[in-house]
Amino acid sequence: MKLLFKKPYYFFFPASLILIALGFIIPLVNFDFNIKDTYVVVQQRWVFHLLALFGFLIALVYWIMSRTGKKLRYRLNAIHVGTSLFGPILIFMSSLFYKEVLHLRGSEEIGMKMELLEANYHNNSVSLVIVALVTITLVVQLVFPVNILMAFLNKREEQKD
């Protein structure tokens, strides 16, 4: 793990290759969402490929920083790599807790309607957890540019002396 935190490109290069492969392996699925009055439909394949591109660019910047001799902060690397690794894993594990909701037709028993409401409340709670995990994972990605900027500023301070 220490090597992974000292040279984060050892994580991001293979991760981007895995994401590219997943984009081709996983069956085509579309997901949609609304942004105000616009209804957006996205194929899951392109999400994997876009994330792979971002991972490759991050790995490339880490590799360039390593080759130029810029010193990155170990803790910031650990936070960035750890969140990039465990964030998606936790999001996937959280999505496994969704309950299947059966839609009732006509007048069904009151007990069945209560189970339906309970399942909807449970799924709303799971969705809230997933949104929180995605938000945390995305916000922690800001550690990457901060780490790069600190490496450049630290080098400038050494040159002034």
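The values are calculated or read from the model by the stated rules, or taken from the named source; none is laboratory data. Keep in mind it's a predicted model, so treat the numbers as computed, not measured. Neighbour counts run over all protein chains shown; Cβ positions are idealised from the backbone, glycine included. Keep in mind that these areas ignore ligands, DNA and RNA; they rest on the heavy atoms of the full protein, side chains included. Shrake-Rupley method; radii C 1.70, N 1.55, O 1.52, S 1.80 Å.
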Practice task
Any residue in segment 142-153 that's closer than 11 Å to Ile58 by Cβ and assigned by the TED database to the domain that holds Ile64: show its pairings with residues that are surrounded by 12 or more Cβ atoms within 10 Å (Cβ to Cβ) and at pLDDT below 90 at Cβ separation under 9 Å, as long as the two are six or more apart or on different chains.
Solution key: none
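Residues checked against (1) under 13 Å from the mean Cα position of the chain (by Cα); (2) farther than 28 Å from Leu153 by Cα:
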position: Asn30; (1), (2): no, yes
position: Leu76; (1), (2): no, no
position: Val81; (1), (2): yes, no
position: Gly87; (1), (2): yes, yes
Problem - Output for segment 8-43, where each listed residue is loosely packed, with under 15 Cβ neighbours inside 10 Å and assigned to a helix (DSSP H, G or I) - result: Pro14, Leu17, Ile18, Ala21, Phe24, Ile25
Fill in the blank from the handout: Only one of (1) over 26 Å from Phe144 (Cβ atoms); (2) open to solvent by less than 60 Å² (accessible area, probe 1.4 Å) does not apply to Phe5, and that is (1)
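Limited to segment 44-65, what total is found for residues that are touching a Lys or Arg at 6+ places or on another chain (Cβ under 8 Å) and either open to solvent by 50 Å² or more (accessible area, probe 1.4 Å) or on the phi > 0 side of the Ramachandran plot (or both)?
Matching residues across segment 44-65 total 0.
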Exercise for the section: Inspect all residues belonging to segment 56-70 and state whether any of them is closer than 29 Å to Asn124 by Cα and outside any helix (DSSP H, G or I). Expected result: no
